[in-house]
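Down below is the structure, laid out as structure tokens.
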Amino acid sequence: MCTRSLSGELITEAGDHGIAVDVQDFIQIKPVINKELLGEENMRRIFSNSEIPLVFTSAHAVKVFSDQYLYQDDTCFVVGNPICCIDGNTKKLVQEEFPTNVILAEASYGTDLAAAIVALGNIREVHFFCGNQRRNELPQGLRDAGIKVNEYVIYENNPTPEVVTDAYDGVLFFSPSAVKSFFSVNKPAPETVCFAIGTTTAAALEDYTDNKIITAPYTDAASLVKTAIFYFNNINCYE
């Protein structure tokens, strides 16, 4: 079972290896109105300095910012600022939505991304786009280093828990929020394996279950699915 939507290609790939994947979203992403980003005057004021990096720690933030704020009242705002982002799915979407923007720094986790930004040595201010349940490691790490963080909450991360009645060999988790939502109404069988997209999600799982937890080596959907495929096709390696 997967707790977030997957591409048809990944579902097909899993099926080709004998693994059927059911998808049930346990989190709903809802764009929110951030008045600081509304209107031509605000947008031009905020992005008048094209050297201030944009910071994204989730693909949701990239998508919402591009869809909801770069296109307003028949106006398309071109933002040429460099970008710092989480790698994997987030970086991939940044490259799709901002193909000409330079990526200054990337890392797999917020703490490491903050360190990478600080290590650049010449960053004094950033624009950070996030959800209402964003983690604190990145903004706090930047502020501790004396970097000004302009934070814009542009989406809500709302739990959509649902009782799972079927028994699954494994469950794929993409975020601590999905973990919390799933376990609020479910307790998987002891033999069910929990797959985590990264160490942060794995740590959240440890708070809720004693089941086996397998962490993907990279923070993207393809890596998580391939990790599950490898596990179930080489299960003796984990015994």
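The values are calculated or read from the model by the stated rules, or taken from the named source; none is laboratory data. For clarity, every value in this text was computed on a predicted model and none was experimentally measured. Neighbour counts are summed over all protein chains in view; Cβ atoms, including those assigned to glycine, are modelled from backbone coordinates with ideal geometry. Only protein heavy atoms, including side chains, enter the accessible area calculation; ligands, DNA and RNA are left aside. Shrake-Rupley method; radii C 1.70, N 1.55, O 1.52, S 1.80 Å.
Miscellaneous remarks
- Residue-level analysis places residue 72 among those that are over 21 Å from residue 108 (Cα atoms), surrounded by 15 or more Cβ atoms within 10 Å (Cβ to Cβ) and in contact (Cβ under 8 Å) with a residue 12 or more places away in the chain.
- From the options 15, 39, residue that is closer than 24 Å to residue 224 by Cβ and free of Cβ contacts under 8 Å to residues at least 40 places away in the same chain: 15
For (1) assigned to a helix (DSSP H, G or I); (2) open to solvent by less than 60 Å² (accessible area, probe 1.4 Å); (3) farther than 16 Å from residue 123 by Cα; (4) modelled with pLDDT under 95, each residue gets a yes or a no:
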{"residue": "78", "(1), (2), (3), (4)": "no, no, yes, yes"}
{"residue": "85", "(1), (2), (3), (4)": "no, yes, no, no"}
{"residue": "92", "(1), (2), (3), (4)": "yes, no, yes, yes"}
{"residue": "104", "(1), (2), (3), (4)": "no, no, no, no"}
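- Restricting attention to region 198-213, the residues that are among the small types (Gly, Ala, Ser) and open to solvent by 40 Å² or more (accessible area, probe 1.4 Å) add up to 1.
- Of everything in region 116-137 that is within 16 Å of residue 90 (Cβ to Cβ), touching a residue at least 60 places away in the same chain (Cβ under 8 Å) and charged (D, E, K, R), the residue that is surrounded by the fewest Cβ atoms within 10 Å (Cβ to Cβ) is 135.
- Residue match in region 95-110 (condition: under 30 Å from residue 218 (Cα atoms), among the acidic types (Asp, Glu) and in contact (Cβ under 8 Å) with a residue 24 or more places away in the chain): yes
- Selection count where residues are part of a helix (DSSP H, G or I) and over 16 Å from residue 176 (Cα atoms), scope region 195-237: 14
- Single match in 122, 158 (criterion: among the polar types (S, T, N, Q) and more than 17 Å from the chain's Cα centre (by Cα)): 122
- Close Cβ contacts (under 7 Å, 6 or more residues apart or on different chains) running from residues in region 170-189 that are among the small types (Gly, Ala, Ser) to residues that are open to solvent by less than 30 Å² (accessible area, probe 1.4 Å) and part of a loop (DSSP other than H, G, I, E, B) comprise 170/192; 178/3; 178/26; 181/26.
- Matching residues, region 153-174, being within 30 Å of residue 36 (Cβ to Cβ), in contact with a strand residue (DSSP E or B) (Cβ under 7 Å, 6 or more places away or on another chain) and either open to solvent by less than 10 Å² (accessible area, probe 1.4 Å) or in a loop (DSSP other than H, G, I, E, B) (or both): 154, 160
- Screening residue 123 with (1) among the aliphatic types (A, V, I, L, M); (2) touching a strand residue (DSSP E or B) at 6+ places or on another chain (Cβ under 7 Å); (3) assigned to a loop (DSSP other than H, G, I, E, B) gives one miss only, at (2).
- Verdict on residue 216 being of a type outside the set (Lys, Arg), without any contact (Cβ under 8 Å) to a residue 24 or more places away in the chain, touching a helix residue (DSSP H, G or I) at 6+ places or on another chain (Cβ under 8 Å) and surrounded by 16 or more Cβ atoms within 10 Å (Cβ to Cβ): yes
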